[in-house]
Every structure is written in C-alpha cells, then in structure tokens.
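> The structure under discussion is supplied below as structure tokens; questions concerning it will follow.
The values are calculated or read from the model by the stated rules, or taken from the named source; none is laboratory data. From a predicted model like this one, the values you see are computed outputs, not experimental measurements. Note that each Cβ is placed from the backbone with ideal geometry, even for glycine, and that neighbours are counted across all protein chains shown.
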Amino acid sequence: FNALFAWLVVDRRANQLATGLALMFCGVGLSALIGAPYIGRPITGLAELRVPGLASIPVLGPALFVHDALVYAAVPVAVATWWALFWTRWGLAVRAVGENPVAAFAAGRSPRAVQYQALVLAGLLAGIAGAHLSIGVAKTWAEWMTAGRGFIAVALVVFARWQPLRAIAGAFLFGGAISLQLQLQARGVPISPFVLDMLPYVLSLAVLAAWGGMGRQAAPGSLGRVFQGQR
C-alpha cells in the first residue's frame with residue numbers, strides 16, 4: 001500500500017492527506033473482506049519470551065521482560081533507524097531531501113528515489129506493527145482491531161520532534177496509556193468502557209496541544225511537499 005501511496009504522491013503528485021485517507025479506508029475494507037473467514041479463530045501466534053532473572057522482578061518484570069520477539073526488536077529497530085538517519089550517507093540523503101529536495105537534487109541526489117525508499121520502508125515497519133496486534137497481542141483476527149492506533153503514532157512523532165531515540169521514550173508513554181486502559185477494564189473499575197477507550201486518544205490530543213508548536217519547528221523543512229522535478 002505504501003508503494004502505491006508513493007507512486008500517487010511522488011509521481012502523480014496527488015494530495016498527500018487525501019490520498020492517505022483514501023488508501024487507509026481502502027485497506028480497512030480490503031482487510032475486512034480478506035479476513036472475514038478468520039474472525040474469532042484463535043491462532044498460536046508469537047510465543048512470549050521471558051528474560052531470565054529480570055522477568056521475576058515485581059511489577060516491572062512482567063511489564064518489560066515478558067514479551068514476544070517483535071516487542072524486543074522494537075527498541076533495536078528504533079536505534080538502527082537513528083543510526084541510519086544520522087550516521088550513514090543514505091540517512092544524510094533522506095534528511096537532505098526532507099529539508100530541501102531542490103538543494104539535494106542540485107547536489108546530485110534523486111529526491112524521487114529517496115522518497116520512494118523512505119515511504120516503502122516506513123510502510124513495511126507500520127505493516128509489521130499492525131500485524132503484531134493480530135499475531136502477538138490478540139492472537140486472533142477482528143475487523144478494525146488497530147482502532148486508529150496509527151494516528152497515535154503521528155502524535156508520537158510530534159512528541160519526539162522527529163528524533164527516533166526520543167520516540168522510544170514516547171512509545172513507552174503512549175504504550176503505558178494503552179496498557180492502563182486495558183488494565184482498568186480488566187479490573188472492573190467503575191468507569192465507562194467508552195471513557196477508558198478514549199484515554200490513548202485524549203493523551204494524543206494533549207500531546208499535540210502541548211508540543212505541536214515545537215513539533216512544527218523541528219519538522220523537516222519540506223514536510224508534505226513533493227519535488228517538482230523529473231528525477
């Protein structure tokens with residue numbers, strides 16, 4: 001889907017917001033159609049891996065050290081992303097195109113190729129994250145099981161000011177809000193489940209209100225813009 005999104009916004013120069021929303025709803029419908037036979041069917045899924053010694057720590061042990069392989073891989077992937085963006089020639093090209101694609105083009109880079117690479121890689125990671133809800137958390141399939149959590153990721157990026165290492169800390173904050181919501185529901189706290197479901201999204205709005213201005217200042221200079229050249 002992100003390869004299609006890249007073609008539409010980079011080559012065809014379609015509006016990014018409208019294109020993203022259209023593809024999102026298309027994905028929701030397509031996943032509902034393909035996943036219909038699997039609704040409610042449990043699967044084995046990813047096995048939990050306990051970190052010896054650390055998993056037995058009260059409170060923190062089960063929260064941090066009893067997870068599947070994808071959860072443990074999340075932090076190294078974020079660190080690898082930071083390293084790739086700030087310590088490699090490819091990362092320099094990505095940041096240059098994000099700040100000023102015209103200048104990057106003048107320096108011999110292909111903004112179109114860099115944008116394609118970044119979008120496809122981002123879509124790959126987002127797809128793995130969405131799949132993890134099914135194969136690692138719920139271990140079954142249900143329509144709309146992501147519940148719009150991708151929009152929480154947008155707030156996380158603003159909170160982290162486009163810095164992968166800061167995003168690690170922010171992910172624990174937002175993940176904690178989601179976990180708190182589930183724990184309160186499981187313990188039968190006398191609060192409307194609809195109010196509890198709102199918690200992560202209310203936090204997202206609060207973050208956008210508090211850090212939105214700083215996020216705009218830290219955002220890439222050409223965010224949302226497409227290079228108008230042919231290369």
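> Find the residue count for the range 116-133, including only residues that are without any contact (Cβ under 8 Å) to a residue 40 or more places away in the chain and either buried (at least 18 other Cβ atoms within 10 Å of the Cβ) or of a type in the set (A, V, I, L, M) (or both).
5
> Now for a different question. Name the residue that is nearest to H132 (Cα to Cα), counting only residues in the range 55-112 that are part of a helix (DSSP H, G or I), of a type in the set (G, A, S) and in contact (Cβ under 8 Å) with a residue 24 or more places away in the chain.
A74
> On the basis of being loosely packed, with under 15 Cβ neighbours inside 10 Å and more than 18 Å from the chain's Cα centre (by Cα), does A113 make the cut?
Taking the combined requirement at face value, the residue satisfies it.
> Among the residues of the range 161-200, count how many are assigned to a helix (DSSP H, G or I), out of contact with any Phe, Trp or Tyr (no Cβ under 8 Å at 6 or more places or on another chain) and not hydrophobic (A, V, I, L, M, F, W, C).
8
> Out of F151, F194, F172, F159, which single residue is under 16 Å from the mean Cα position of the chain (by Cα) and without any contact (Cβ under 8 Å) to a residue 40 or more places away in the chain?
It is F172.
> Further question: Would you confirm, using the coordinates I've provided, whether L208 is out of contact with any His (no Cβ under 6 Å at 6 or more places or on another chain), more than 26 Å from V77 (Cα to Cα) and at pLDDT below 85?
no
> Take the range 15-69 and flag every residue that is among the charged types (D, E, K, R) and under 24 Å from the mean Cα position of the chain (by Cα).
Residues satisfying the conditions are E48, D68.
> Just to be sure I understand, how many residues within the range 127-159 are hydrophobic (A, V, I, L, M, F, W, C), assigned to a helix (DSSP H, G or I) and touching a Phe, Trp or Tyr at 6+ places or on another chain (Cβ under 9 Å)?
The qualifying residues number 7.
> If you check L223 against the conditions, is it over 21 Å from R95 (Cα atoms), out of contact with any strand residue (DSSP E or B) (no Cβ under 8 Å at 6 or more places or on another chain) and either surrounded by 13 or more Cβ atoms within 10 Å (Cβ to Cβ) or at pLDDT 80 or above (or both)?
So L223 does not fit the description; no.
> Going through the range 37-54 one residue at a time, which ones are in a helix (DSSP H, G or I) and touching a residue at least 60 places away in the same chain (Cβ under 8 Å)?
Hit for the range 37-54 is Y38, nothing else.
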